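Worksheet: the structure to be examined is printed underneath.
The values are calculated or read from the model by the stated rules, or taken from the named source; none is laboratory data. Because the structure is predicted, anything quoted here is derived from the model rather than measured. In this analysis, Cβ positions are derived from the backbone assuming ideal geometry, glycine residues included, and neighbour counts consider all displayed protein chains.
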Amino acid sequence: MPKPKGQKNTKNKAKHTKLLQRKLNKERAEKEATKARLKAIVQKAKEKNEE
């Protein structure tokens, strides 16, 4: 049976969007942390090779 005209499922959409954004932000943060860690390792290796 269809919903009456004008009703929308905004609660579930908002909740879903919130969860997706949380997931994407977590993935971005992990990616940046990995990148920073690798950059530090490479820099340390370069310093070691210079000496």
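Yes or no, residue by residue, for (1) part of a helix (DSSP H, G or I); (2) in contact (Cβ under 8 Å) with a residue 12 or more places away in the chain; (3) among the aliphatic types (A, V, I, L, M):
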| residue | (1), (2), (3) |
| --- | --- |
| 4 | no, no, no |
| 12 | yes, no, no |
| 24 | yes, no, yes |
| 27 | yes, no, no |
| 42 | yes, no, yes |
| 46 | yes, no, no |
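Test residue 34 against the stated conditions and say whether it is surrounded by 10 or more Cβ atoms within 10 Å (Cβ to Cβ), β-branched (Val, Ile, Thr) and modelled with pLDDT of 95 or more. Answer is yes for this residue.
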